[in-house]
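Here is the structure we will look at.
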Amino acid sequence: MEDSFLNFSKTGPIHLPKDGRSVVVEVTNLLKTFGKNEAVKGVSFTIGKGEIFGLLGPNGAGKSTTINMMCGYLEPTSGDTSIDGISVAKEPMKVKHIIGVVPQEIALYKDLNSMENLEFFGELYGLSAKDRKERAEDILQFVGLYERRKETVKNFSGGMQRRINMAIAMIHQPDFLLMDEPTVGVDPQSRENIFDTIEKLRDRGTTILYTTHYMEEAERLCNHIAIMDEGHIIAMGTLEQLLAMRDQTREVQRPHGLQELFIQLTGKTLRD
Amino acid sequence: MKNFWYIAKKDLLQILRDRTSLFFLLAVPLVLIVVVGFAFGNFLGSGSSQITITVAVSNQDTGSVGKAIVNALQINTDKLKITVDQYNNPNQVTDRVANNSNVNTGVVIPAGTTDKFIAAAQTGTTPKNLVQFYSLPSNNDPRATIVQNIVSGVISSQLAGTTAVGQVYNVCNQPGNHCAQSSIDTQAIATAVGQASATGGPLAVQALTAGKAVSINNFDQIVPGYAVFFALFGISAAAGTILQEKEDGTFRRLLIAPVQKYALLGGKLLSQFVLTLAQLTFFFLFGYFAFHLHIGSLPAVIALIIGVSFAATGLGILLVSVVKTRRQLSAIVPLVVLVSSAIGGAWWPLFIEPQWMQQIAKIGVTAWAMEGLNGVMILGKDFAQVAPDILGLLAYGLICFVIALRLFRFQEKTA
């Protein structure tokens, strides 16, 4: 095991090794303060092309703030993110064209139908009318909602709305997709559909950053995983490397997976 | 720049989908305009320029003065119609004035008024407090002033007559003059001189016209006033959609998309501008076809409607930049709109307000709008004359938008 791959230190940035991956996303010393509150305390990591990178952590760990800075929604106090070699701080508009964000909340125009929602965002990304229509129909097929494309979104179930929520982020076929807890509150069928969609995207070469509270999701989907707590990344590596670390750091030898490591690292104290 | 239109188009589509809100956006103001228009039918004359006055008169005098006053009050022209209700008992006159809203003033001519005039003429004195004029306390009704001026005019002419009689007596009493007392008919001399002074003046004046005729239709005030009032209330819808988007998370989604901040606010402004413009146009067209609204200069009215839509929208965006929640917005919008409408002339013509209030009212959109619309539709002003109001409205909207752009919180300052 490479020692530099895993790090429990809460005092400084952690760097992934030069392991031959083709790096698409490079996060460097991202720091964000709100008044006296340091929400993210100098986070660094890289994501290779076509990877699904899991960003895990309890509530308030700084995951969403990190995503908000990576996509240009929040201006970092210091640090930067580079996507395909383009700096978010210097060229935010350019970056916004090549990334997609699936927000944690269901952010849809619920009195419009799913085609209208998709086509509206397609317009904002500069797609032609023909492309907008074709891509919207393709994506709706992709997420299994093509037959209900003309129904008002407010009539959809929570799971269906989640799928449209994700579909919107894909309308412009981004190279890099940031997914902030995309499966919150959905039934097993919709969750399975979302997983299938993510796996198909990965197979097409889309790079994904995925945050979740469900460890089994991270185990199933993610090539690399980082665990955040209190604004720091406290552990990072492949699933195998993290599980190996669990076995080395615990006295009780039981193979209970990522969940056990997560609790071991972040503790059992309730987070609000 | 296309994003401006895409965001506006999406907002308009959402509004069109909400048919119930759209119905109330148009129907409620329409009902109010019709009800208020008919309720205040006589406020500005119901389309007629004739002023109508009812006067209660008790003439106890048997001489020429009493008759002259009653005759002078009985006017019926295309501009002024005075109805004289005569009563024997003076107390009936005061009762009518005090208790009957249709009677505007009362006049009591006591017995012996003519004799007292003549006696005063012979002694060279001026009679005082002979004819009594009644109106309600603190009454600013201009119709009372009209009646008082007519009565005063008659008395002046009668005084001129009796003064002439006095002069005749003086001449006859000079040494060497021989006037037989019986040959001097004082009443005839006084009446002749009085009539000459009463009728000679008006005949000597030639009535001419200059400029365009001003025809005041009650709806010329009610329709634009309430249209502007409800257009301002519509700003809560514009501001509300932004706050709604913030609450729903779609605003964040728009900020993550490649949309410039000014385009985002501009798109919101454009949709509300189009909606307000459509709303105002609908009310004016309705007023024109249903109530024969007097439009005056069409280009000026169109420019003013565009100006009002722009200013109201700018104000809406400004308000949303200073509030955080829809609850705060729903508290502040009525306050701003009601105060602005009350002092800005939405419910009554701005030009009847004191000058200082008209100036203070300019802090609101309504005053600029109503000064221009009253000017064109009631006072017959042309485009150039209301250009300051049009420019004022455009500047108002622009200033609001620039301030809003500086104050607007695109991101919440929390994690």
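Things worth noting here:
- Residue match in the stretch B:238-252 (condition: open to solvent by 10 Å² or more (accessible area, probe 1.4 Å), within 38 Å of the chain's Cα centre (by Cα) and more than 9 Å from chain A (Cβ to nearest Cβ)): yes
- If you go through the stretch B:296-323 and keep only what is out of contact with any Gly (no Cβ under 9 Å at 6 or more places or on another chain) and open to solvent by 30 Å² or more (accessible area, probe 1.4 Å), you end up with B:Leu298, B:Pro299, B:Ile302, B:Ile306, B:Leu318, B:Val322.
- Restricting the stretch B:254-289 to residues that are open to solvent by 10 Å² or more (accessible area, probe 1.4 Å), of a type in the set (Ser, Thr, Tyr) and without any contact (Cβ under 8 Å) to a residue 60 or more places away in the chain, the residue that is farthest from B:Lys9 (Cα to Cα): B:Tyr288
- Scanning the stretch B:84-104 for residues that are open to solvent by less than 100 Å² (accessible area, probe 1.4 Å), closer than 21 Å to B:Ile51 by Cα and in contact with a helix residue (DSSP H, G or I) (Cβ under 9 Å, 6 or more places away or on another chain) returns B:Val84, B:Asp85, B:Val103, B:Asn104.
- Qualifying residues in the stretch A:56-71 (those that are surrounded by 23 or more Cβ atoms within 10 Å (Cβ to Cβ) and part of a loop (DSSP other than H, G, I, E, B)) - the one nearest to the other protein chains (Cβ to nearest Cβ): A:Cys71
- All positions within the stretch B:324-346 that are among the hydrophobic types (A, V, I, L, M, F, W, C), open to solvent by 10 Å² or more (accessible area, probe 1.4 Å) and touching a residue at least 40 places away in the same chain (Cβ under 8 Å): B:Val336
- Test: residue in the stretch B:258-278 that is touching a Cys at 6+ places or on another chain (Cβ under 6 Å), within 14 Å of chain A (Cβ to nearest Cβ) and either assigned to a helix (DSSP H, G or I) or more than 30 Å from B:Leu379 (Cβ to Cβ) (or both): no
- Screening A:Ile106 on (1) hydrophobic (A, V, I, L, M, F, W, C); (2) touching a Leu at 6+ places or on another chain (Cβ under 7 Å); (3) at the interface with chain B (Cβ under 9 Å from one of its Cβ atoms); (4) closer than 30 Å to A:Lys41 by Cα shows it passes everything except condition (2).
- Close pairs from the stretch A:177-189: first in a loop (DSSP other than H, G, I, E, B), partner among the aromatic types (Phe, Trp, Tyr), Cβ under 7 Å, at least 6 apart: A:Thr183/A:Tyr214
- Of the criteria (1) of a type in the set (A, V, I, L, M, F, W, C); (2) at the interface with chain B (Cβ under 8 Å from one of its Cβ atoms); (3) not in a helix (DSSP H, G or I), which one A:Ala89 fails: (2)
- Contacts under 8 angstrom Cβ, first residue in the stretch A:58-78 being within 25 Å of A:Leu258 (Cα to Cα), partner of a type in the set (S, T, N, Q) and open to solvent by 10 Å² or more (accessible area, probe 1.4 Å), 6 or more apart: A:Pro58/A:Thr266; A:Ala61/A:Thr266; A:Ser64/A:Gln104
- With respect to the conditions (1) buried (at least 22 other Cβ atoms within 10 Å of the Cβ); (2) assigned to a helix (DSSP H, G or I); (3) in contact (Cβ under 8 Å) with a residue 60 or more places away in the chain, A:Gly100 falls short on a single one, namely (2).
- Residues of the stretch A:18-27 include none that is more than 13 Å from the chain's Cα centre (by Cα) and within 14 Å of another protein chain (Cβ to nearest Cβ).
- Top-ranked residue in the stretch A:109-154 [being open to solvent by 60 Å² or more (accessible area, probe 1.4 Å) and within 14 Å of another protein chain (Cβ to nearest Cβ); ranked as nearest to B:Leu12 (Cα to Cα)]: A:Lys110
The values are calculated or read from the model by the stated rules, or taken from the named source; none is laboratory data. Since the structure is predicted, the reported quantities are computational estimates derived from the model, not experimental observations. Here the Cβ is made from the backbone with ideal geometry for all residues, glycine too, and neighbour counts use every protein chain on show. Each accessible area value is taken on the protein alone, full model and side chains, heavy atoms only, with ligands, DNA and RNA left out. Shrake-Rupley method; radii C 1.70, N 1.55, O 1.52, S 1.80 Å.
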